[in-house]
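**Q** Below are the structure tokens for one structure; questions will follow.
The values are calculated or read from the model by the stated rules, or taken from the named source; none is laboratory data. This structure is a prediction, so every number in the text was calculated from the model and none was measured. A quick note on method: Cβ atoms are made from the backbone with ideal geometry, for glycine too, and the neighbour counts reach across all protein chains shown. Only protein heavy atoms, including side chains, enter the accessible area calculation; ligands, DNA and RNA are left aside. Shrake-Rupley method; radii C 1.70, N 1.55, O 1.52, S 1.80 Å.
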Amino acid sequence: MDSLGGAGLSAFPNDPKMQIMRQVQQEAAMQNARMLVEKLNEHCFERCVPKPGTSLSKGEEGCFTSCMEKYMQAWNTVSKQYVARIQRESQQGALGAGGL
Amino acid sequence: MDLGGSSIGSNVDLSKISERDKQELQQFVLNESQKARIQSSIHGLTDTCFRKCIPAGTIKKGALDKYEEPCMRQCVDRFLDANMVVLKELERLRQ
């Protein structure tokens, strides 16, 4: 399945198989983005706006920017660590991470 | 993007797809759902570990510092260790 990279998917725009594959991938990317936005809002609002005022202050906005950067960096760290671990465990042929 | 969750393939004539392509699609969807499951786990883990590793209150710096970064990594590993303990214990109880 390695041949199905982005270039492979756009090479045959009218192929029904490729169309479905592209739609599935878009839907997955969309879902992923939605989840990230939800988490960013949840965490950063809680930390940056402890007492909501009449408008967002400059300080709160600055906190949001830092918080988003930090959260996304944390997401990438977790992603690397998690993927490395499940790869290691599936190579060992052990139980893997199927329980999650 | 006007694709609702169930509308994938609705504008595609499925009868034009060969059996071989259908099998390939099945495998593709299987792979994609596994990827989606993994990503969903990553979201959950980031959520849990961010709470534990990044001290409460206003956030001043946009980067993870030298305590937070290892904490996030350890949090992932210990969470998975703990997950394994739960599975093993349940397995033991089942016997």
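**Q** Per the Kirkwood formula on distinct C-alpha pairs, the Rh of region A:16-95 is how many angstrom? Before the final figure, lay out each step's value.
**A** Values: mean 1/r = 0.0639 Å⁻¹.
Averaging 1/r across every pair of different Cα atoms and inverting gives 15.6 Å.
**Q** Could you state the angle between the C-alpha long axis of helix B:19-53 and the longest principal axis of the C-alpha atoms of chain B, as a value from 0 to 90 degrees rounded to the nearest 10?
**A** 20 degrees
**Q** Between B:I38 and A:L56, take the C-beta separation as r, use R0 = 35 Å, and let me know the FRET efficiency to the nearest 0.05. Mind showing how you got there, number by number?
**A** Working: r = 35 Å, r/R0 = 0.99.
After rounding to 0.05, the efficiency reads 0.50.
**Q** Another question, then. Let me know the charge dipole size of region A:16-95 about its Cα centre in debye, to the nearest 20, where only the beta-carbon of Lys, Arg (+1) and Asp, Glu (-1) is charged.
**A** On the way: 11 positive and 8 negative charges, 53 e Å.
Using Cβ point charges on Lys, Arg, Asp and Glu, region A:16-95 gives about 260 debye.
**Q** Residues of chain B: accessible area per residue at 1.4 Å, in Å²? Walk me through the intermediate numbers first.
**A** Values: 6500 Å² over 95 residues.
Per-residue value: 68 Å².
**Q** Could you tell me the calculated FRET efficiency between B:S18 and A:Q91, based on Cβ-Cβ distance and R0 = 30 angstrom, to the nearest 0.05? Intermediate values should be presented prior to the final figure.
**A** Values: r = 35 Å, r/R0 = 1.16.
After rounding to 0.05, the efficiency reads 0.30.
**Q** Rounded to the nearest 10 Å², what accessible area does B:K22 show when all protein chains are kept and the probe is 1.4 Å?
**A** The value for B:K22 is about 90 Å².
**Q** Now a separate question. What do you get for Rg/Rh over chain B if you use C-alpha atoms and the Kirkwood form of Rh?
**A** On the way: Rg = 21.0 Å, Rh = 17.7 Å.
For chain B, the value is 1.18.
**Q** Using unit Cβ charges (K, R positive; D, E negative) and no other charged atoms, how large, in debye to the nearest 20, is the dipole of chain B about its Cα centre?
**A** Working: 15 positive and 14 negative charges, 87 e Å.
In debye, rounded to 20, chain B gives about 420.
**Q** With a 1.4 Å probe, what is the total accessible area buried between chains A and B, in Å² rounded to the nearest 100?
**A** 4800 Å²
**Q** While we're here: With axes computed from alpha carbons, what is the tilt in degrees of helix B:68-94 against the longest principal axis of chain B, rounded to the nearest 10 within 0 to 90?
**A** Helix B:68-94 sits at roughly 70 degrees to that axis.
**Q** Let me ask something additional. Looking at chain B as a GNM with Cα springs under 10 Å, which of B:L30, B:L45, B:L14 has the largest mean-square fluctuation?
**A** Maximum among the listed residues: B:L14.
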